[in-house]
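What follows is one structure encoded as structure tokens, with my remarks underneath.
The values are calculated or read from the model by the stated rules, or taken from the named source; none is laboratory data. These figures come from a predicted structure and were not determined experimentally. Ideal geometry is used to build each Cβ from the backbone, glycine not excepted, and the neighbour counts take in all protein chains shown. Accessible surface is based on the protein model in full, side chains and every heavy atom, while ligands, DNA and RNA are left aside. Shrake-Rupley method; radii C 1.70, N 1.55, O 1.52, S 1.80 Å.
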Number of protein chains: 2
Amino acid sequence: MPRVHREQQILGAAVEEFGRHGYAAASMAEIARRVGVTKPLLYTYFGSKDGLCTACVDRIGPQLLEAIERAMASKPPESGLPHTVLTALFQALEGQRHAWFVLYDRTLPPGSEPWRAARRHREAVDELAAAGTAALLHAQGNDDARDADALKHIWTGTVSALLGWWISHPELSAQDMSARCARLLAAIRNGA
Amino acid sequence: MPRVHREQQILGAAVEEFGRHGYAAASMAEIARRVGVTKPLLYTYFGSKDGLCTACVDRIGPQLLEAIERAMASKPPESGLPHTVLTALFQALEGQRHAWFVLYDRTLPPGSEPWRAARRHREAVDELAAAGTAALLHAQGNDDARDADALKHIWTGTVSALLGWWISHPELSAQDMSARCARLLAAIRNGA
DNA sequence: TCGGTAATTTACCTCTTGGTAAGTTACTGC
DNA sequence: GCAGTAACTTACCAAGAGGTAAATTACCGA
């Protein structure tokens with residue numbers, strides 16, 4: 001099998017493994033086993049566990065960023081921004097639902113290379129969210145930067161929660177999730 | 001030092017370690033080092049890593065449950081239920097902000113004893129949240145059980161996000177957080 | 001004073017895991 | 001056909017993890 005193809009195959013398995021179990025609990029041998037290959041191949045292709053994890057992060061980060069940017073640019077006016085972004089995320093993550101948690105993995109060793117890479121990509125994603133939260137607060141006369149930052153965290157926490165819930169309901173499609181989120185967001189808006 | 005006292009000391013360090021790094025990345029030797037004690041003592045007192053982690057979970061679970069129950073029972077009418085619960089959580093977790101993530105640790109080995117214990121306590125906590133989400137949806141004519149379940153996840157995700165944000169702002173007190181959340185919840189209510 | 005027990009450590013074992021060196025297979029261009 | 005290279009495996013190493021047996025210290029009651 002040609003190298004580039006094999007690399008993509010490995011990355012797919014690695015994203016699933018890192019996302020499902022977290023960095024520390026993910027095992028190189030297990031990733032190799034899932035691909036049907038032996039460990040040294042992973043090391044000749046990606047150098048180290050850190051290298052493979054960083055490659056995963058560098059693959060997922062831009063995917064998500066582009067999905068969100070595209071969705072925000074072509075936002076249908078009848079739908080709210082949060083729902084638009086969620087729909088785009090569900091579409092981008094269908095087939096690799098664990099990928100989100102590779103980026104938002106609290107167990108990455110602080111200071112390590114994958115940690116820095118993940119933080120970098122998260123910041124890019126979060127920047128888009130930050131614009132939304134700051135605008136929402138500003139419209140209500142609140143210009144506290146920390147409030148906007150905390151609200152941004154609530155948003156990403158909500159996304160994480162929804163993706164976690166989606167993972168535990170494998171039979172639901174991205175469209176199902178999108179429709180459900182439309183209801184839930186409306187409910188929050190109307191009655192929190 | 002008497003055993004019961006030492007056990008509490010160990011539990012405190014272990015909660016911090018497990019909560020901060022997750023089960024897999026947490027190290028028994030490191031926990032021992034932080035307490036200023038050697039590894040075998042941990043094993044004579046708690047049997048195994050699983051045993052220690054389960055003890056942590058069994059300590060935190062009831063603490064949180066009681067804090068939430070007490071808050072819900074004595075809810076001041078002028079404040080919303082979410083804010084009441086958040087305030088109680090901040091108070092209960094001041095001084096052990098990582099504890100929440102011991103209970104909500106996605107890296108616990110599925111099927112293991114700490115995993116089962118954490119799930120049990122989470123269910124007890126979530127049951128209280130479920131009542132709230134189901135009521136909110138029911139008031140709007142939505143009786144979909146899955147919607148209520150997903151909304152419950154959004155709620156716990158929001159709590160996780162706020163605690164994560166609090167951890168990255170160590171200088172803020174529980175009261176600071178409570179006040180901030182009052183603003184944020186109002187902002188969400190008014191303008192999502 | 002002495003025996004027993006609780007608290008704790010030293011030194012060790014074992015197993016897993018990340019990581020590597022060397023060899024093997026198989027294709028490709030000349 | 002054959003050299004060379006890309007794809008891949010076997011067999012192994014070193015370090016760190018969880019875990020344990022045995023020894024030590026210190027206290028307390030008889």
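Ranked from shortest, the separations from the 7 Å Cα-to-Cβ label point of A:E127 to its equivalents in the other copies are 4.7 nm.
Under the convention of a label 7 Å out along Cα→Cβ, give the distances in nm from A:G36 to the same position in every other copy, shortest first. Distances to the matching label points in the other copies: 5.8 nm.
How many square angstrom of accessible surface are buried between B and A, both sides summed, with a 1.4 Å probe and rounding to 100? Mind showing how you got there, number by number?
On the way: alone 10370 and 10390 Å², together 17240 Å².
By this definition, chains B and A bury close to 3500 Å².
For A:H138, the distances from its label point to the matching points in the remaining copies are 4.2 nm, ordered from shortest, with each point set 7 Å beyond Cα toward Cβ. A prolate overall shape is assigned to chain B, the ratio a/c of its alpha-carbon gyration tensor axes (a ≥ b ≥ c) being 1.5 or greater and a/b exceeding b/c.
Restricting to DSSP H runs of at least four residues, report the calculated mean residue ellipticity at 222 nm for chain B, -39500 (n - 2.57) per run over all residues, nearest 500 deg cm²/dmol. The helix contribution divided over chain B gives -25000 deg cm²/dmol. Listed by chain and number, the lysines placed with their C-alpha closer than 29 angstrom to that of B:K152 are A:K75, A:K152, B:K75; residues fewer than eight positions away on the same chain are left out. Computed over protein heavy atoms with a 1.4 Å probe, the accessible surface of region A:1-154 works out to 47 Å² per residue. Give me the percent of accessible area attributable to carbon and sulfur for chain B, probe 1.4 angstrom. That fraction is 54 percent. Kirkwood radius and radius of gyration were both taken over the C-alpha atoms of region A:17-80, and their ratio Rg/Rh is 1.20. In peptide B:154-164, what is the residue-averaged number of other protein chain Cβ atoms found within 10 Å of each Cβ? Whole-number average of other-chain Cβ neighbours for B:154-164 is 6.
With each label modelled as a point 7 angstrom along the Cα→C-beta vector, the A:Q9-A:A182 pair spans 4.0 nm.
Treating the Cα atoms of the protein assembly as shown as identical point scatterers in vacuum, please give the log10 of the normalised Debye intensity I(q)/I(0) at q = 0.08 Å⁻¹, two decimals. One equal scatterer on each Cα of the protein assembly as shown leads to -0.43.
Please report the relative contact order for region B:54-191, taking Cα pairs under 8 Å with a sequence separation of at least 6, and give it as a percent rounded to a whole number.
Numbers: 105 pairs, mean separation 43.6, N = 138.
Computed value for region B:54-191: 32 percent relative contact order.
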